[in-house]
Amino acid sequence: MRLRAFLTVLLLLPSAGVLAGDFFKLTGHGGPVRGIDVSPDGSRLLTASFDYSVGLWQAGAPIWLEAHDAAVNAVRFIDASTAVSAGDDNHVRLWDLERGVSERLGSHRAKVVSLALSPDRSLVASASWDGRIGLWPVSGAPARFLEGHSAGVNDVVFSADGARLYSGSTDGTVRVWDVARGVQTRHMLKGRFGINTLALDEEAGWLAYGGVDGATRILDLESAREIADFTLQRRPILAMAFDAESDRLAVGDGEGFIKVIDSRGWTVLRDFRAALRGPVWAVAFSADGQDILAAGIDDALYSWPVAALGSGGLMGGKERSFLRDPASMGNGERQFQRKCSICHTLGPEGLRRAGPTLFGIFGRPAGGVSGYKYSRTLREAEFVWNEDTIDALFDEGPDRFVPGTKMPMQRIAKPADRDDLIAFLKYATKEGGRQR
């Protein structure tokens, strides 16, 4: 990591004075970044990634926090030395950042996609695709669950006093909950399309939501009346962040744009292309509100000064292997890029990926890559990877071939496609083979 990048991270402190026009990029993850948070004092950043890890960024090399068994979708600082994370493994984890260790607060029945903290930072709310909202005391006291949505919950946000919680769901509704009593008190919205993300300014009396249909709308908190509509023909809306000091709302969409809205007059300050290709999955403001941080399809976090949005670089500039033109590859390589490349590399270096390198896989015992954190299933497995076992893996699917594995549940139905994949891997994973 370049020294400039880490110096820039330190400049997130308001007292340091962020330099105008100072764009930076943080790299090191082995998969797309799905979540971002800035510490309360602005001196640290956290990133959540598809590579199963949380990145802690501060002066010096990044620290990798690894305990999740699947992609990490959300991360939040509780204070400068404590954080909470959640992901596709259904778990919510509490981190001691100084020691780099975590404990599991508990689990949902399906993936967790968003987290929110109560204003006093004593309570974590989790939004899960099991249709429930989890309420997790940081103290470790028993959790409670709020039930009522008919489909997955995508986002949650606390009121300023922590007494209410707002939730947005795939079922098209925005609901309000009494946190102390654990009951729903209101339907703010009943729509036809799923709600992906929320932002709230209770003092100013509004709630913003972004939907799968590209909707970006603002509702009056008291009447639920629509007071502004910034919907464009870009869908879906995936991320929102609000900075109360500057009254700016940032909105990221599935086509790579970030829109910055002034909530005082409900005008668009800037609508800029942040990503050359792919979505904007996460947005956040720096602690002083002068920078917008974002992440998308590549393995990095980007930051632009609000005063010079779009300067310095674009996300998604590097072509991802799984997005390559299928016509440029043979069938075996095409199967690898579609099914394997986001989690595995072919070369001996391994990189930071969700799965271990496939280099030298033929003849290797299951669970045999030193240093990789395997599931218990593969650690205790007693088979060797060869043509037959790789064929069975994709014929039956990982969930049946090695029950309990962390591997995504997928199959390759056609025998000819499995044969071509195996032939490609035999060539590409040996010394001197084609490695990516």
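Below are the figures for this structure:
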| item | result |
| --- | --- |
| Residue 187-residue 349 pseudo-label distance in nm [points 7 Å out on the Cα-to-Cβ vector] | 5.5 |
| Other-chain or far-sequence residues with amide H under 5 Å of residue 73's (modelled H) | 86, 87, 88 |
| Spatial separation of Cα centroids for region 149-215 and region 343-410, in angstrom | 40 |
| Three-way shape label, region 57-132, alpha-carbon gyration tensor, a/c 1.5 | oblate |
| Difference of contour (0.36 nm per residue) and Cα-Cα distance, residue 144 to residue 409 | 92.4 nm |
| Shape of region 229-384, Cα gyration tensor, a/c cut at 1.5 | prolate |
| Shape call, region 147-246: gyration tensor on alpha carbons, a/c limit 1.5 | oblate |
| Gain upon complete extension [residue 82, residue 98; 0.36 nm per residue less C-alpha separation] | 5.0 nm |
| 232, 135, ranked by accessible area, largest first (probe 1.4 Å) | 232, 135 |
| Three semi-axes of the equivalent ellipsoid, the chain, Cα gyration tensor, whole Å, largest first | 37, 25, 22 |
| Region 63-215: Rg to Rh, with Rh as the Kirkwood radius over Cα pairs | 0.96 |
| Debye, to nearest 20: dipole size of the chain, +1 on Lys, Arg Cβ, -1 on Asp, Glu Cβ | 800 |
| Extension gain (nm, one decimal) between residue 121 and residue 419, 0.36 nm per residue minus Cα-Cα | 102.0 nm |
| Residue 424 - accessible surface, heavy atoms, 1.4 Å probe, Å² rounded to 10 | 20 |
| Scaled radius of gyration (Cα, divided by 2.2 N^0.38 Å) that region 240-300 gives | 1.08 |
| Accessible surface of residue 38 - all protein chains present, 1.4 Å probe, nearest 10 Å² | 20 |
| For region 103-146: relative contact order, % (alpha-carbon pairs under 8 angstrom, 6 or more apart) | 30 |
| Lysine pair number, Cα distance threshold 21 Å (strictly under), the chain, separation 8 or more or different chains | 13 |
| Taking region 147-258 and dividing mean pair separation by its residue count, relative contact order in percent (alpha carbons under 8 Å, at least six apart) | 16 |
| Euclidean distance between Cα centres, region 411-429 to region 25-83, Å | 35 |
| Accessible surface of residue 185 - all protein chains present, 1.4 Å probe, nearest 10 Å² | 80 |
| Sequence-separation-based contact order of the chain, relative, with Cα cut under 8 Å and 6+ spacing, percent | 11 |
| Local electrostatic count at residue 246 - Lys and Arg +1, Asp and Glu -1, tallied over other residues with Cβ under 13 Å | -4 |
| Summed residue charge, Cβ within 10 Å of residue 110's Cβ, Lys/Arg positive, Asp/Glu negative | +1 |
| Largest-first ordering by accessible area, 1.4 Å probe, given options 164, 418, 99 | 99, 164, 418 |
| Sequence of 122, 303 when ordered by accessible area, the most exposed leading, probe 1.4 angstrom | 122, 303 |
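The values are calculated or read from the model by the stated rules, or taken from the named source; none is laboratory data. None of the values given here were measured: they were computed from a predicted structure. Virtual Cβ from ideal backbone geometry, glycine too; neighbours counted across all protein chains shown. Heads up: the accessible areas ignore ligands, DNA and RNA and are worked out on the full protein's heavy atoms, side chains in. Shrake-Rupley method; radii C 1.70, N 1.55, O 1.52, S 1.80 Å.
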